[in-house]
Structure formats: structure tokens, C-alpha cells
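S.K.: Got a structure for you, written out below as C-alpha cells; questions coming shortly.
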Amino acid sequence: ELAAEEGGHAAGEHHDESVAATEPADSVRYMTPSGWRAMDPEDPLYPCSAMESRYLPQCYVMQTSVMLHLNGGDIRGAAGSCELAPEDMRARCFQSLGRDISSYTLRAWCYVGLVKNFIDLTSETEKAFTFCRKIEGQVNKLRCYVAIGEQLASLLPERLPRVELCRRAESAQYEQACLYGARVARQRPDGI
């Protein structure tokens, strides 16, 4: 169980609205229904920093997910926060960071699978183009448009319809990525 912390909350107590009113706005945003903070923007080690020692190994092996959520994906910042963990928990914290880094780097492949599935299910591209436009990060977005192009290559035997559809990309750079995937352009897009 979490140790009773700020505001005198103990496990199982109901959340007291008067306490929430005195908490910083970000802290209130991360409150659980029982009144416990799920995360603390001021403490990247929380909730691990408030737990009994017997729970720390399991907590620190997941803690960087909290850190990266709070710091907007700053991997270097999360590594610095792991250095602040108790010495015997640092290895687990860095193990957590390794897991999160792998999910960050493999996320583009999730996008690729989803976009291809949009097209596979309906043989239409509107949802795929809409989805790619919403993706953040150049590499992820490039891979998304390449995936659209790859599906176009498998669906449309003629070159011209593939070119026309790739023109729906949001910029010339992403149109080129689509054309590369569609086997119209031969040059691989820079950055992927």
C-alpha cells in the first residue's frame, strides 16, 4: 500500500475536495478516484517515492512511463531522473527506460500496420491519409505515407492512379514517401 502522504490521505479514504482545492492544478489533474495522486509533476519518482520498500522493485521497473508522460517524452530527462532513484533501484529504473525507448522507436511500425489495415479492409485510402496527417514526428509520418504507397502498389496495377492518390499527401515530402512506397519513385525518402 502507498504510504499515507500529503493531505493526510490513507489508503481507502475518500477524496476530500477541500484538499484538492489546495493542491497545485497539475497535481489535481493526476488524482485517482480514491484521492491518491497517480502522478506528481513535481516528483518524477512518484509514486515509487511514496511506497514501502517491498514494492519498489515492481514500481521502478515501470516508473519511466510516468516520467516520459510528464516530461513530454524527454528520454535524457528520464535518464537523469533515474539517477535520482535509490541506488539499489537505479538498474530497474534504467531497465524501465530501455523498455520505453524500444516502444518509442517501434511505434512507427504500429502506425504502418494500422494504416495498411485501413486500406486492406475497404480498399479505400481516405482514413489512411487522414491518420497519417495526424501523426507527429517526421520519421513516423514518412513511414506512414510509405505504407500507404505500398498498399497502393498492391491494389493498383497502373502507375497513374497511384500517382494521383499520393498527391493527397499533406506536402511534397510526404507525397514522395507515398510514391516511393507505391514503387513510382526510386529514391528512398531521407530520414527513414
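Read the figures in this text as sums done on the coordinates, not as results from a lab. Note that the coordinates shown come from a computational prediction; the quantities given were computed from them, not determined experimentally. Cβ placement follows ideal geometry from the backbone for every residue including glycine, while neighbour counts extend to all protein chains displayed.
S.K.: Among rounded, prolate and oblate, which fits region 60-192 when a ≥ b ≥ c are the square roots of the eigenvalues of its C-alpha gyration tensor, a/c under 1.5 means rounded, and a/b larger than b/c means prolate?
M.R.: Values: a/c = 3.46, a/b = 2.92, b/c = 1.19.
Prolate.
S.K.: What nm distance separates the two modelled labels at E136 and D120, each placed 7 Å from Cα along Cα→Cβ?
M.R.: Placing both labels 7 Å beyond Cα along the Cβ direction yields 2.8 nm.
S.K.: Turning to a different aspect of this structure: So if I take the centroid of the Cα atoms in region 63-122 and the same for region 156-192, what is the distance between those two points in Å?
M.R.: 30
S.K.: Tally Lys/Arg at +1 and Asp/Glu at -1 over every other residue whose Cβ is under 11 Å from the Cβ of G191; what's the total?
M.R.: +2
S.K.: Now for a different question. Based on the mean of other beta carbon atoms within 10 Å per residue, what is the order of 150-161, 57-68, most packed first? The partial results should precede the final answer.
M.R.: Values: 150-161: 14.8, 57-68: 20.3.
Highest-to-lowest ranking by the protection proxy: 57-68, 150-161.
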